[in-house]
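S.K.: Quick one: structure below, then a few questions.
The values are calculated or read from the model by the stated rules, or taken from the named source; none is laboratory data. Only a predicted model underlies this, so the values are computations on that prediction, with no experimental measurement involved. Every residue, glycine among them, receives a Cβ derived from its backbone with ideal geometry; neighbour counts consider all protein chains shown.
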Amino acid sequence: MTHKVRTSKPKDIFAGGSNKGAIIPEQLLHYTIALLSVALALGVTMLLRPYLSATPSALFFAAVMVSAWYGGFAPGLLATILSTLVVNYLFLQPLYPQYITHRDILVRLAVFMITAGLIIWLNESRRTAQKIAEANLKSLRQSEARFGRLVESNIIGIIMADLNGSIIEANDAFLQMVNYTREDLRSGRIRWGEITPPQYLEVSERAIQELRISGSCKPFEQEYIRKDGSLIPTLLGFVKQEETIIGFVLDLSERQAALRDRNQVEAALRESEARFRHLADTAPVLVWMSGTDKLCYYFNKPWLEFTGRTLEQEMGNGWAENIHEDDFHDSLDRYINAFDARQDFKMEYRFRRNDSEYRWVLDTGVPRFTPSGEFLGYIGSCVDIHDRKVAEAALQQLNEMLEQRIQERTLQLEVANKELESFSYSVSHDLRAPLRHIAGFIELLQKRHNSTSTLDEISQRYLRIIAETAKQAGILIDELLTFSRMGRTEMRYINLNMEHLVQEIKRDLISQTPGRTINWHIESVPFVQGDPSMLRLVLCNLIGNAVKYTRTRNPAEITIGSTDNENEVVFFIEDNGVGFNMQYVHKLFGVFQRLHSDQQFEGTGVGLANVQRIIHRHNGQVWAEAVVDSGATFYFSLPKLSKKEGNERT
C-alpha cells in the first residue's frame, strides 16, 4: 500500500495530466518567460540609460528574480547568463569589448553573477518548501478523510469525551449499541460513569490512567448499560488527542452468541481480529504484534507510513533495522528479557523515520494470554516523544553550562580571596615595624621628660595620646594578622570539651576585671568536633564582648549554654548589657564595623569578623539578637560530625 501511494505522487504534481507531452510546452513557457524578462529589462534600461549609468544591471536582477520565481533553477540560470553578457557588452564596455579582462569590469560582473545566483538559490528554496507544505497538507487531508469514514461507519462505535468523563460526541453506531438517541446525548444524560456497570469502573479507571500517561491504552472488554437496563458486551480501547479522549467500541454481543457453535466462534474471532486491525490502522499510534517466537508478524498502517517500508520488510526482525545503532543492543536486551519473563516493558530508543531522520519513540509492550492462561505473544505501541527528549537534552546542557560557570566563578573568587588575604597579611606585617619605632621613641621621650621635667601639661597629654594611639594601632594590626591567618590556617578537627574551654576563658576574664560583680550562669555544654585554637578565639571574643558591654551594669548577668538537634549544636552567650539596635545587625560581623564609639567601649571592629570567618570554616552559622539597653545574645552553630568525617578532617 505504501509504495503504491508513493508512485502516484509525481502524477499529482502536474494538473494537466500524466503524459510527457503535457510537460514540454510548460517547460518551453518557462524559458520563454526568462528570455522575455531579459529583453524587457534590456529595453527599459536602454530607455532609462541616462538615469541608470551608475547601476546599469539593476533591472536585470528583476529579470533573474522573475525567471527563477516562475520557472525555477534552469530558467533563472539562463536569465543570469544572458543578463551577464548584455551588461558586459552593452553597458560596461560598449565601445571596447576587447577589454573584458579589465579588473573593474570583472569585479562588477562577478558581483552581479553572485547576487543573481543567490536570488536563484533563494527562489529554489522557496519552491522546495512550498512542495513540502503541499505534500504535508495532502497527507493531513487524507488522514482527516480516513477518520471521517471511521466516524461514519456503522460497525465501530466512537465516543469522544473530556477528561472529566463527559461524553461530548458519539457516532450513530455507538448510540445504536446503547439504545440512546442523539437528543439524550445533547441533554447530557449519557455519561461514562452512568452507563458503565459498577464492576467495570475500576478497569475503566485503570485504562484512563494508562491513557493519561502514555496517550493510549491496550484494548479491554467491558459491558455497557443500555437505555432499557440490559447489558451489551464490548471491546473498548482509548487514545488521547490533546484534551479529548477518543474511545473505539466494538459490539461483542454477536461474538458471544456465536460461541454456541465452534464454526461461529472461529468466524467471530476472525471478524473481531479484522475489526481490531481496522481499529489499529486508524489509531494515531504505531502498533505492533509478535508471536511466541519473539518475531513480529503485524504492524499497523501508521507504523508503515512512519517508516516508509512494506509489511514484508518489517516482518520478523526486519523492523529492528530502523533502530539507531547506539540504541540497538540495549533495546534488544530489554525486549528479550521482558519476553522471557512474560512482563510488561517500556523502553525509549531512536527510530528512523521515512525521511531518514531518527526520532525518539516510547515503545510499550504487554504480554497476551488466552482465558485459560496460554501465552500468545506481545502487543505494543510506539509514541513519538522526540520533542520532549530534545527539550530534556537542552535543559541538561543548560544545567551543565551553569554548573561550569559556577565552578569557574568559585575558582576566581577563591583566587581573589587568597590574594586579598596575602595582601592584608603583608600590609599588616609591614606596619608593625614603624609602629614599634613610634612606641619606642614615645617611651624614650616619656623617660626623658620624667628626668628633666621640661614638658608642659599639654605636651604631656599629647605624648599620652600618641602612646595610646600607637598601642591601639598595634592591637588592630595584631587583629588583622589573626584575621588574615584564619583563611590560610589548616583546620585540625578533634573532639573538644567546650565546657572546659568556657571555664578557662572565664578564669582569664575574672583576673582582668577586678572589682566587678559578674554573675556567671554556665550550663552544661556538649563535646564538639572542631579546631581547638580557632574555637577558643571564638569564645574569647564573644564572652569578652559580654564582659565588656555589661561594664555599666551592677551586677552583670552572663549566661552561656547550648541547644542541639539532629544535625547541629547551637551555642549562645547572653548578657544584660547595653545591647544594640537590630536595624544595624547586618554590620556586626563586618571588618571595622562597630556599633559603639571608642569613647564608650574600646575595640577594633575585627573580632566579630574573625568569629564569623572561623564558624563559616567549620560549616556553621553565627547570628545575634538584641534590644537597646536590655542586653544581647550571640549564637553560633557547629554541625555534628560522624567519627569517620572527623578522622578525615583531622
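S.K.: What are the residues in the range 373-400 that are among the basic types (K, R) and in contact with a Gly (Cβ under 8 Å, 6 or more places away or on another chain), if any?
M.R.: Start the filter on the range 373-400 by keeping residues that are among the basic types (K, R), which leaves 388-389.
Within the range 373-400, no residue meets the criteria.
S.K.: Would you check if Y358 is in contact with a Pro (Cβ under 8 Å, 6 or more places away or on another chain) and in the same structural domain as D330 (by TED's automatic domain parsing)?
M.R.: On the way: in contact with a Pro (Cβ under 8 Å, 6 or more places away or on another chain): no; in the same structural domain as D330 (by TED's automatic domain parsing): yes.
The answer is no for Y358.
S.K.: Filter the strands (runs of 3 or more DSSP E) completely within the range 278-391 down to those with at least 1 residues that are of a type in the set (D, E, K, R).
M.R.: On the way: elements: 286-290, 296-299, 345-352, 358-369, 375-384.
Of the strands (runs of 3 or more DSSP E) lying wholly inside the range 278-391, those with at least 1 residues that are of a type in the set (D, E, K, R) span 345-352, 358-369, 375-384.
S.K.: Does the range 541-552 include one or more residues that are assigned to a helix (DSSP H, G or I) and farther than 22 Å from S630 by Cα? Steps first, answer last, please.
M.R.: At the first step, the residues of the range 541-552 found to be assigned to a helix (DSSP H, G or I) are 541-548.
Pick out the ones that are also farther than 22 Å from S630 by Cα and you get none.
No, there is no match, as no residue in the range 541-552 is assigned to a helix (DSSP H, G or I) and farther than 22 Å from S630 by Cα.
S.K.: Are any of the residues in the range 337-352 closer than 16 Å to G291 by Cα, hydroxyl-bearing (S, T, Y) and surrounded by 18 or more Cβ atoms within 10 Å (Cβ to Cβ)?
M.R.: no
S.K.: Does the range 616-635 include one or more residues that are charged (D, E, K, R) and at pLDDT 90 or above? Working first, answer last.
M.R.: First, pick out the residues of the range 616-635 that are charged (D, E, K, R): 617, 625, 629.
Narrowing the set further to residues that are at pLDDT 90 or above leaves 625.
Yes, the range 616-635 contains at least one residue that is charged (D, E, K, R) and at pLDDT 90 or above.
S.K.: I'm trying to understand the selection: among the residues of the range 191-248, which are polar (S, T, N, Q) and under 24 Å from Y180 (Cα atoms)?
M.R.: First, the residues of the range 191-248 that are polar (S, T, N, Q): 196, 199, 204, 209, 214, 216, 222, 230, 234, 241, 244.
Answer for the range 191-248, where residues must be polar (S, T, N, Q) and under 24 Å from Y180 (Cα atoms): T196, Q199, S204, Q222, S230, T234, T244.
S.K.: Among the residues of the range 518-531, how many are surrounded by fewer than 14 Cβ atoms within 10 Å (Cβ to Cβ) and touching a Leu at 6+ places or on another chain (Cβ under 9 Å)?
M.R.: Residues in the range 518-531 being surrounded by fewer than 14 Cβ atoms within 10 Å (Cβ to Cβ) and touching a Leu at 6+ places or on another chain (Cβ under 9 Å): 1 in total.
S.K.: Please tell me if L137 is in contact with a Ser or Thr (Cβ under 8 Å, 6 or more places away or on another chain) and either modelled with pLDDT under 75 or of a type in the set (S, T, N, Q) (or both).
M.R.: On the way: in contact with a Ser or Thr (Cβ under 8 Å, 6 or more places away or on another chain): no; either modelled with pLDDT under 75 or of a type in the set (S, T, N, Q) (or both): yes.
No.
S.K.: Can you tell me which residue in the range 180-237 is farthest from V249 (Cα to Cα), limited to those that are among the aromatic types (F, W, Y) and outside any loop (DSSP other than H, G, I, E, B)? Please lay out each step first, then the result.
M.R.: Initial filter on the range 180-237 (among the aromatic types (F, W, Y)): 180, 192, 200, 220, 224.
Subset that is outside any loop (DSSP other than H, G, I, E, B): 192, 200, 220, 224.
On the way: W192: 13, Y200: 15, F220: 10, Y224: 10 Å.
Looking at the filtered set, the residue picked out is Y200.
S.K.: Here's something else I'd like to know. Mind listing just one residue for me: the one in the range 536-557 that is of a type in the set (A, V, I, L, M, F, W, C) and within 11 Å of I505 (Cβ to Cβ) and, of those, surrounded by the most Cβ atoms within 10 Å (Cβ to Cβ)? Working first, answer last.
M.R.: Initially, the range 536-557 is screened for residues of a type in the set (A, V, I, L, M, F, W, C), giving 537-540, 542-543, 546-547, 556.
From what's left, within 11 Å of I505 (Cβ to Cβ): 537-540, 542-543, 546-547.
Details: L537: 17, V538: 28, L539: 20, C540: 18, L542: 23, I543: 22, A546: 26, V547: 20.
Of everything passing the filter in the range 536-557, V538 is surrounded by the most Cβ atoms within 10 Å (Cβ to Cβ).
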